[in-house]
Amino acid sequence: MYLDHFGLKEAPFRITPHTDFFFQGANRGATLDALLYAITNDEGIVKVSGEVGSGKTMLCRVLMERLPATVETIYLANPSLSRDEILLAIGDELKLDLEKDRTTRVLRALQEHLLRLFGEGRRVVVLIDEAHAMPDETLEEIRLLSNLESNRHKLLQIVLFGQPELDEHLDTAGMRQLKERVTHSFRLEPLVRSDIENYVDFRMRAAGYRGPRVFTRDAIKLIAGVSQGLTRRVNILADKALLAAFAGGTHAVTVSEVRRAVRDSEFYRMRSGTQKIRIGAAALAAGLALGWGTHVLLSIGAPSSAVPVSTGKAAQLVSPAPPKSVTRPQTIAIVSPEAAIVSPEAASSRPLAPSQGKIAQERFRATQEWLRGAPGDRYAIQLATVDSGELAQLEEFLRKASAALQASALFVYSVKIDGRQHYRVAFGSYASTAEALEAINRLPRWLSSYHPYYRSVERMRSQNRQ
C-alpha cells in the first residue's frame, strides 16, 4: 500500500524470513560465519538459542543458502517427532528406503550411507528447529546420532535451534550427556538501540529505498523501548509506522506515527487480568517533582525477551560441578510511548565501575581505555557474567583467571540486563571468529567448562554504553 509512496520495490518489514533482508549487524553475521566454520570443520553438535522473534529461523535459512555445495542439508521443523520418527525423517531426506525396523538396524543403514557420502567428499548437516520442544527420548536419539563417525571425522553435523528453555533443559541432570556433546553455543541477543537504527535503515534500502533516513532518532528510541530489541517486533512496529506515515501524507516516520503503531500492536496490549495502568495523583506529583513526565511501566509475567545473557555456564560464576540450573523469575518492562522518549537515564547513561574488588576495578579502567580505540570488527572471548551484587565472586574469578591467562588481556565491562547492573569478563583480541573459536578450544579445562563464546568488540562497546 505504501510502497510507491516511499519509493520501495517490495515490503521491507515482512515477518516471514527473506534471506535478502538478512542483517549482519548485532553479531548475526559473525554467528553465521561461526556456524559455517563449525559445520565444515567437524565440530559435532552446535546450539543456537534466542527468544521468540529474535531471528533464529532467518539465520537458519541463510545458513542453508551459504553452506558449500558439498554439504547436504536436512531441515527438521517438527519438534514432536519421536526417536524412531526422527531417524526415518533423516533417512527420507537422504532418499533412503528405511523400513520401520529395529532402531539399531536403521542406525546401521544410516551410518553405511553416511560413510559412502563421506568417501565421495560430501558432508551432511541436520538443522533442527524448535529443539526446545523436543521429547527427551528424541533428544537422546540426537546424542546417539552424534556418535556416527569414521576413524577421524564426524559423519553427521547437528545444529539445534531453540528458545532459551533449551538451555535450561540441557542444564538438567537427565540431559548431561547430550550437553557434553555440544561443542559450541550461540545466543541471538536482542538488538540495542544503535543496532535497531541500522537494522531499520538496512531493510529500507534492501527494499529499494534510496533517500535520507525515514525514521527519526526519537522514533527509533520508541521502537527500541517497546520492541525490547526483538526483530519480529521491530518489523511489526516499523511496518505499521510506515503505513501511518502514508495515511498522514508524510515521508518521515516520527514519534507520532510510531505511537499509533504501538497502540495497534497485539504484543503491546498483552496484559494479565490484574495488570492495569495506574496513574494516580501521588505518582503524578512525584513525577513533576522529579522534573520529567509521568511514565507507566507495564509488565507481563513471562521470561524476559530483552535479556542479553550469555549461554551455558558462563552466565553464572559458580563451580561447574555439580551442574545446576539457575532460573530467576524475570519480567518484561514494556515502556509506554511517552516514557520511552523522555527517560533521562537513557540519554545520559555511562559505564558504571565495580564498587569493590582491586582486580575488577583495575581491569574495568583498562577495558574502558581499550574499548575506546579497539577496532570494532575484532572479537574477544566472553568468559562470564556476574550481577553487581556478587562482586566478591567476580574478584575471585578474575584472580583465578589471571593465574591461568595473560592478565592484561582480561577485560571487564558494564552491561545492563533487565535493568540491573552486571559485569562481563572477556579475554583476548582476535581478527576473526575462526581465530576466536580456535582460541576457545585452547582455553584451560576449567574455563572451557563454562562454555565461553566469542563477542565482537563493537558489540561489547555498545553494551558497555547502555
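What tally of residues in the stretch 28-41 results from selecting those that are open to solvent by 30 Å² or more (accessible area, probe 1.4 Å) and either in contact (Cβ under 8 Å) with a residue 40 or more places away in the chain or of a type in the set (A, V, I, L, M, F, W, C) (or both)?
Residues meeting the conditions: 4.
Based on this model, can you work out whether THR183 counts as free of Cβ contacts under 8 Å to residues at least 12 places away in the same chain, of a type in the set (S, T, N, Q) and surrounded by fewer than 21 Cβ atoms within 10 Å (Cβ to Cβ)?
No; evaluated as a whole, the condition is false for this residue.
Being assigned to a loop (DSSP other than H, G, I, E, B) and buried (at least 20 other Cβ atoms within 10 Å of the Cβ) is the filter here, so list the residues in the stretch 147-162 that pass it.
Result: LEU155, single match.
Give me the pairs: first residue in the stretch 155-176 and of a type in the set (Phe, Trp, Tyr), second residue assigned to a strand (DSSP E or B) and crowded, with 21+ Cβ neighbours inside 10 Å, beta-carbon distance under 6 Å, and six or more apart or on different chains, which are they?
Note: pairs meeting the criteria are PHE161/VAL48.
Under 13 Å from PHE21 (Cβ atoms), in contact (Cβ under 8 Å) with a residue 12 or more places away in the chain, open to solvent by less than 10 Å² (accessible area, probe 1.4 Å) and among the hydrophobic types (A, V, I, L, M, F, W, C): does that describe ALA206?
Considered against the rule, which asks whether it is under 13 Å from PHE21 (Cβ atoms), in contact (Cβ under 8 Å) with a residue 12 or more places away in the chain, open to solvent by less than 10 Å² (accessible area, probe 1.4 Å) and among the hydrophobic types (A, V, I, L, M, F, W, C), ALA206 comes out as no.
Any residue at all in the stretch 416-423 that is part of a helix (DSSP H, G or I) and of a type outside the set (Asp, Glu)?
No - not one qualifying residue is present in the stretch 416-423.
Looking only at the stretch 391-430, which residues are at pLDDT below 90 and either aliphatic (A, V, I, L, M) or out of contact with any strand residue (DSSP E or B) (no Cβ under 9 Å at 6 or more places or on another chain) (or both)?
VAL415, ILE417
Determine, yes or no, whether GLU390 is farther than 17 Å from ILE440 by Cα, open to solvent by 10 Å² or more (accessible area, probe 1.4 Å), in contact (Cβ under 8 Å) with a residue 40 or more places away in the chain and not in a strand (DSSP E or B).
Answer is yes for this residue.
For the stretch 86-111, give me each residue that is loosely packed, with under 12 Cβ neighbours inside 10 Å and either of a type in the set (A, V, I, L, M) or within 14 Å of LEU145 (Cα to Cα) (or both).
THR104, ARG105
Go through the stretch 135-146 residue by residue and tally those that are in contact with a strand residue (DSSP E or B) (Cβ under 9 Å, 6 or more places away or on another chain) and open to solvent by 10 Å² or more (accessible area, probe 1.4 Å).
Matching residues across the stretch 135-146 total 1.
The values are calculated or read from the model by the stated rules, or taken from the named source; none is laboratory data. From a predicted model like this one, the values you see are computed outputs, not experimental measurements. Glycine gets a Cβ as well: all are built from the backbone with ideal geometry, and neighbour counts include every protein chain shown. All accessible areas refer to the heavy atoms of the entire protein, side chains included, with ligands and DNA or RNA removed. Shrake-Rupley method; radii C 1.70, N 1.55, O 1.52, S 1.80 Å.
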